[in-house]
Amino acid sequence: MVSSRLTNLHPYVPGEQPKDRIYIKLNANENPYPPSPKVIKAVRVAAKKHPEKLGLYPDPDSNELREAISEMLNKSGGVLCRANLEKGKKNGSGAIVTPSEFDKIPFVVTPDMIYAGNGSDEVLSFVFYAFFDSDRKLVLPEHTYSFYPVYGGFYNIPLAKIPLHTDWTLDTEKMLEVANQENSGIIFANPNAPTSLGLTRDEVREMIKKAPHDKVFVVDEAYVDFGGESCIPLLAEFQNLVIVRTTSKSLCGAGQRLGYLVANKELVEAVTTVKNSLNHFPIDFLAQQAGIAACRDAGYYVKCAQNVAFERDEFIDFLREKGWNVLDSQTNFIFCRKDGVSGEEAYRKIKEEGILVRHFATKGIEEYIRITVGTHEQMEALKEVMENL
Ligand SMILES: *Cc1c(COP(=O)(O)O)cnc(C)c1O
């Protein structure tokens, strides 16, 4: 009954969402804090004052949202946890946000440099469709966001998976060598998942310089707001750079399904063409309102990102004291292992105590667990469990 295409699909497996019991959920890199109160208010007001809008098609190109996203990027420099806050409430709401000196973008990001879609997973899917062909191998690290190989399979794009160095950093030289042999594009997450390590902006710049200039180079910045270095400033130098970002992690919005990319206008237009050939209205009216309100209250999310970074660093210190081997993290998660405890066993024992973390059965990373950074209370509860492992 099904197409031959379907038999070749290998779907993505997300972190589990069990219903049998209430767990502390530290397995999907969601943000432990709720969205800004202004987001809740915007959704309520929109539904109440403009119920007719729920019966009409939304703005297909999310123009107001793209404007709000570009303003937020200009204000924050694209890395929330390092942005400066002036005044505002204790939780950052309403504060004036300015970029840290280090993150200042040397040009103005304009709405025509933004494409917004139904979660960055959808944005990534359109990027794969728009820019990568089945006649050459797309280059990516062996361990990175596990949706990339799924899309490779979906669109029949062959992949060259380049093993990481033994210290889990990207083998950028090998990636470039293969990309030049194939004359193909490159994609990776920066900071990378599930390793939590990032390349500096200068390192990415050197990479793009040496990569094929007529092929698209994708940097997925899903986690950059927690302490990485954004490559948005590099858009002034490179026409082939595409930066993918999401509101799911740093903007406490995984339930809203909003993602976007930042690139030069021509590439935004190419992705828009894919969108208009597949799903003309990817972002519903309420999600657009929520996204706009979130971007306009960047100060609140600066606070959230700073809290997450603080809890993360404290928890890493704790784990190292207890003999765990922990990678440095620029993200909202921690990648770690301990001699004498298998990844599977650690995952299972933590789950028995009511806390979910992520374990990957994938060869090469099976000894590790990935812990999403939660609130202070959640991390204290996890400390008690992990102390005795
Ligand atoms: C979470 C994540 C995404 C997906 O984000 P959504 O916007 O929720 O679809 C994309 N890339 C990476 C690296 C991620 O970790």
**Report entry** Under Karplus coefficients 6.51, -1.76 and 1.60, residue-wise ³J(HN,Hα) of region 80-87 in Hz, glycine/proline x
**Finding:** 4, 5, 9, 5, 8, 10, 10, 6
Query raised in the report: What nm value, rounded to one decimal, do you get for the distance between Asp339 and Glu237 when each label is placed 7 Å out toward the C-beta?
Result: 4.2
Query raised in the report: If you average the sequence gap of Cα pairs under 8 Å that are 6 or more apart and divide by the length of region 276-389, what percent do you get for the contact order?
Result: 23
Report summary line: Sequence order, region 6-23: Karplus ³J(HN,Hα) from phi using 6.51 cos²θ - 1.76 cosθ + 1.60, θ = phi - 60°, Hz rounded, Gly and Pro as x, gives 4, 5, 8, 7, 10, x, 5, 10, x, x, 5, 10, x, 10, 6, 6, 8, 9
Query raised in the report: Between their Cα atoms, which of Lys104/Lys174; Lys249/Lys338; Lys161/Lys349; Lys174/Lys363; Lys104/Lys215 are more than 24 Å away from each other?
Result: Lys104/Lys174; Lys249/Lys338; Lys161/Lys349; Lys104/Lys215
Report summary line: Counting only DSSP beta bridges with both partners in the chain, the antiparallel fraction in percent, to the nearest 5, comes to 60
Query raised in the report: Along region 122-136, what does the Karplus equation 6.51 cos²θ - 1.76 cosθ + 1.60 (θ = phi - 60°) give for ³J(HN,Hα), rounded to whole Hz, x for Gly and Pro?
Result: 5, 4, 4, 4, 5, 5, 4, 5, 6, 10, 10, 9, 8, 9, 7
Report task. Work out the FRET efficiency for Lys174 and Asn325 from their Cβ-Cβ distance, taking R0 = 25 Å, and round it to the nearest 0.05. Result -> 0.50
Requested in this report: Under 14 Å from the Cβ of Asn240, count the other residues' Cβ atoms, weight Lys and Arg +1, Asp and Glu -1, and hand me the total.
Outcome: +2
Query raised in the report: Ile40 to Asn276: extension gain in nm, 0.36 nm per residue of separation minus the Cα-Cα distance?
Result: 82.0 nm
Report summary line: If every Lys and Arg gets +1 and every Asp and Glu gets -1 at its Cβ, then about the Cα centre region 142-265 yields a dipole, in debye to the nearest 20, of 440
Report summary line: Once normalised by the length of the chain, the mean sequence separation of its alpha carbon contacts under 8 Å that are 6 or more apart gives a contact order in percent of 24
Report summary line: With +1 at each Lys and Arg Cβ and -1 at each Asp and Glu Cβ, the charge dipole magnitude of region 14-72 around its Cα centre, to the nearest 20 debye, comes out at 440
Report summary line: Reduced to Cα centres, the span from region 251-275 to region 1-76 in Å works out to 13
Query raised in the report: Taking +1 at the Cβ of each Lys and Arg and -1 at the Cβ of each Asp and Glu, which of Pro149, Val109, Asn276 sits farthest along the dipole of the chain towards its positive end, judged by Cα position relative to the Cα centre?
Result: Asn276
Report summary line: With R₀ set to 41 angstrom, the calculated FRET efficiency between the beta-carbons of Asn264 and Thr7, to the nearest 0.05, is 0.60
Report summary line: Highest GNM mean-square fluctuation among Tyr57, Tyr155, Tyr33, for the chain with Cα springs under 10 Å, belongs to Tyr57
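No value in this document is a laboratory result; all are computed from the given coordinates. Here the structure is a predicted model, which is why all the values come from computation and not from measurement. Methodologically, a virtual Cβ is constructed for each residue, glycine included, from the backbone with ideal geometry; neighbour enumeration extends over all protein chains shown.
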